[in-house]
1. Among the listed pairs Lys127/Lys451; Lys259/Lys339; Lys133/Lys438; Lys225/Lys406; Lys112/Lys269; Lys236/Lys303, which are separated by more than 22 Å between their Cα atoms?
2. Rounded to the nearest 500 deg cm²/dmol, what is the calculated helix-only ellipticity per residue at 222 nm for the chain, with -39500 (n - 2.57) per DSSP H run of length n ≥ 4?
3. Apply 1/(1 + (r/R0)^6) to the Cβ-Cβ distance of Thr304 and Glu266, taking R0 = 51 Å, and write down the FRET efficiency to the nearest 0.05.
4. Once you put a point 7 Å from the Cα of Ser405 and another 7 Å from the Cα of Asp96, both along the Cβ direction, what distance in nm separates them?
5. Of Val253, Leu64, Met433, whose Cα points farthest to the positive end of the dipole of the chain (charges on the beta-carbon: +1 Lys, Arg; -1 Asp, Glu; origin at the Cα centre)?
6. Please find the FRET efficiency linking Glu205 to Leu381, where r is the Cβ-Cβ separation and R0 is fixed at 45 Å, and quote it to the nearest 0.05.
7. What is the dipole size for the chain, taken about its Cα centre, with +1 at each Lys and Arg Cβ and -1 at each Asp and Glu Cβ, in debye to the nearest 20?
8. Out of the DSSP beta bridges found with both residues in the chain, what percent are antiparallel (nearest 5)?
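The values are calculated or read from the model by the stated rules, or taken from the named source; none is laboratory data. As the structure is a computational prediction, the values presented were derived from the model and not from experiment. Cβ atoms come from the backbone with ideal geometry, glycine included; neighbour counts cover every protein chain shown. Keep in mind that these areas ignore ligands, DNA and RNA; they rest on the heavy atoms of the full protein, side chains included. Shrake-Rupley method; radii C 1.70, N 1.55, O 1.52, S 1.80 Å.
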Amino acid sequence: MVYTTWNATEVFNHIAGNETLDEESLQPLKMMAHKRLLLACGSRLVSQNGSFSTSAMAHKSYKLVVVGGGAGGCATAAKFSSKLGAGNVAVIEPADTHYYQPMWTLVGGGMKRLEESGRPMSQVLPKKADWIKQRVVTFDPHKNKVITQDGQEISYEFLVVALGIQLNYNQIKGLPDAFETPGVCSNYSPLYVTKTLESLKNFKEGNALFSFPNTPVKCAGAPQKIMYISDQYLRKHGKRDKANIQYFTSLPVIFGIKKYADALWEVVKERNITVNLRHNLIEVKPDSREAVFQNLENPDDLKTIKYEMLHVTPPMSSPDPLRQCAALTNETGYLNVNKHTLQHVTFPNVFGIGDCTSVPTSKTAAAVAGQFGVMQRNLRLAMGGTSPKHQYDGYTSCPLVTGYSKCILAEFDMDGNPLETFPINQAKERRTMFHLKKDMMPTMYWNGMLKGYWEGPKYLRKLMHLGMK
Ligand code: FAD
Ligand code: UQ1
């Protein structure tokens, strides 16, 4: 095990994507962004079949444009399309299916089916909003417009950016091709999540490896939730004594918040799981079934380890079209918003919500819910010509599922302090929290959050603590 001198704030900033890069680290990013910008500009002129696009001159205009129809975008569109009426709100979203991603932990562990986690986008986006089924390729905040892949220019009075975070599997040598081979899986994509259960079913003997990348991620607990579920699966099926379970994390800690980290160290000790801190997965060799990890404290130290099963959490980044717009982003490429008001720091008619923003908290749907309450109120004030006054406290939550009936419900704020809803010790593994995660949260998401009614458990917390928190 490697020990380092990172402090809690550094760890927290790392997970939240809030760390700054030096000029040398930024150089390759800038070159890549420049190349992609040229490609993106090209795609505006040429349609998918290679001919010139007839829609290159199409131009539409809206009071509010929402980019991205995921958790944050859907809630925002629902709230404002009902307030502003038909024809005033557009959502730009390319996907056919809206996924409730938090369910993928349970899909990988065989507790839910993948189909249960998705619904047609047409059913979840509000009827009163125009759905532009396109990918945004260029942001032009100086001209209050965005440009889509098929060349449409969409103008706005107000813009909400809700693009989520980008998965970069291809930054690991050997991926994504190795997903076609036995034992390699990832709960982070609908393409690979069903391979997790398949890998567990086919497990005979050897190493079961679980990785955490050297970038910010969404739901920082998910890479280890599936490890605890896998441990329980292997025990249930009489294969645990043939398995060597190992966690390889780029971080210097098991979890960013000490209260929950202490509880998780107890879990790994009790379950006989090995934790390797400051190790980053850099290559998968499917022919020899080996994974290569780099020791981040000593980069020349590469460890090649045989696997029977390898669960990959990919490196992630701000989405390319956003990263390429320097006017909108901070030095790490995320949408540069005021962390309390969620208004853009230089364009007052631009707001952000969710994983694509610079807000220094752990990226989760629970955080999106908390941000939504603040953002929609501040956006309404901005639309009425008033300055935003509502303040986001950084609330986020990570239900750390540790088996088929147990869960530690981590809840904390942007300073890394626990901010718990229930007046009990939430660092303890509990069956009630497991049912909250597995049975209650999906209903709350589909029927509350996506319709713009769920703003996180702030009022429930006050009630539970008799107004004291
Ligand atoms: P998303 O919901 O990801 O939506 C982004 C949308 O933008 C997508 O629909 C995408 O298609 C669209 N988009 C992307 N690029 C473009 C483009 N160029 N133009 C237009 N649209 C675009 N959170 C929890 O609170 N609790 C959990 O237990 C939990 N567990 C998780 C487990 C896993 C395995 C995963 C993967 C995530 C988990 N999360 C959890 C995290 C949660 O799902 C995300 O934080 C949340 O969905 C973020 O919402 P968002 O609106 O920012 O982005
Ligand atoms: C939450 O609000 C939320 O967003 C919808 C989640 O995402 C699925 C969560 O996992 C959790 C735990 C919360 C917080 C809710 C309560 C009732 C504590």
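1. As for pairs spanning more than 22 Å Cα to Cα, those are Lys259/Lys339; Lys133/Lys438; Lys112/Lys269; Lys236/Lys303.
2. That comes out to -8000 deg cm²/dmol.
3. Computed FRET efficiency for Thr304 and Glu266 comes out at 0.95.
4. The answer from the label model is 4.0 nm.
5. Met433
6. Given R0 = 45 Å and the Cβ-Cβ separation, E is 0.15.
7. Values: 54 positive and 41 negative charges, 318 e Å.
Using only the charged Cβ atoms, the result is roughly 1520 debye.
8. Just about 50 percent of them are antiparallel.
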